[in-house]
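To keep things clear, I will list the structure first and then write my remarks on it.
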Amino acid sequence: MFNEIQRDAFREIVNMGVGKAANLLNTIIGHHIHLNVPNLRIIKNENLDENFYGTNVNLSAVNLAFNGFINGACKLIFPTGSASKLVSLFTNEESDLEDFDAIRVGTLSEIGNIVLNSLIGTLCNQLKVNLSFTVPTYKEGFVKELFETSSPEDNSILILAGTTFIIEEINISGDFVLIVELGSLQLFKDLIDKYVGEL
């Protein structure tokens with residue numbers, strides 16, 4: 001589906017965006033935050049459960065849809081417990097609760113907004129393409145519930161980039177997911193090939 005050169009190029013672009021997001025989060029929280037992207041997987045929607053946390057794990061996600069030259073969406077997804085720990089670090093509050101009140105939902109939405117806008121903004125800049133974004137939305141649920149509206153079955157390809165937040169030696173793992181509609185897939189690959197050719 002993607003050759004190794006295309007995978008490496010996309011991984012490089014994601015790492016640029018992650019670095020930008022880390023710098024912004026460092027400024028907001030006042031502590032050094034390191035984000036890395038240790039792996040990259042490209043899957044079809046029917047294999048979703050196998051590539052995430054299982055079918056019965058409650059997840060927290062921020063979704064940002066986009067359209068233009070290519071259409072799709074991106075998500076920042078965490079197991080709800082990890083998301084709660086991340087929010088507690090930003091709000092200086094301790095909580096063992098799995099659910100969030102309005103303030104915490106807002107905090108996680110803003111974190112997701114920063115990370116996703118940094119990543120997609122970097123993707124647009126590097127691939128020299130203009131995209132229109134929607135307002136990010138927050139949702140909790142099992143993996144199928146998180147993808148039931150933005151990723152219709154057999155109509156999209158999911159690119160998973162496992163992300164680790166490292167804050168003062170606390171590791172919080174999550175996933176950045178780029179969803180590309182099948183109708184946009186070849187255009188997306190062509191953009192990556194053009195990017196590689198201009199390096």
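The values are calculated or read from the model by the stated rules, or taken from the named source; none is laboratory data. Computed from a predicted structure; not experimentally measured. Cβ placement follows ideal geometry from the backbone for every residue including glycine, while neighbour counts extend to all protein chains displayed.
Which of the strands (runs of 3 or more DSSP E) contained wholly in the stretch 124-170 include at least 2 residues that are modelled with pLDDT under 75? Walk me through it before giving the result.
Working: elements: 131-133, 137-141, 156-167.
Where strands (runs of 3 or more DSSP E) fall fully within the stretch 124-170 and carry at least 2 residues being modelled with pLDDT under 75, they are 156-167.
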Problem - Scope the stretch 66-94; condition in contact with a Ser or Thr (Cβ under 9 Å, 6 or more places away or on another chain), at pLDDT below 80, of a type in the set (S, T, N, Q) and more than 20 Å from GLY141 (Cβ to Cβ); matching residues - result: SER88, THR91
Exercise for the section: Give the residues of the stretch 1-10 that are exposed (fewer than 14 other Cβ atoms within 10 Å of the Cβ) and touching a residue at least 40 places away in the same chain (Cβ under 8 Å), sorted by residue number. Expected result: MET1, ILE5
Completion exercise
In the stretch 2-52, residues that are modelled with pLDDT under 75 and among the charged types (D, E, K, R) total 4
Handout entry: Filter result for ASN117 (modelled with pLDDT of 85 or more and surrounded by fewer than 18 Cβ atoms within 10 Å (Cβ to Cβ))
Key = no
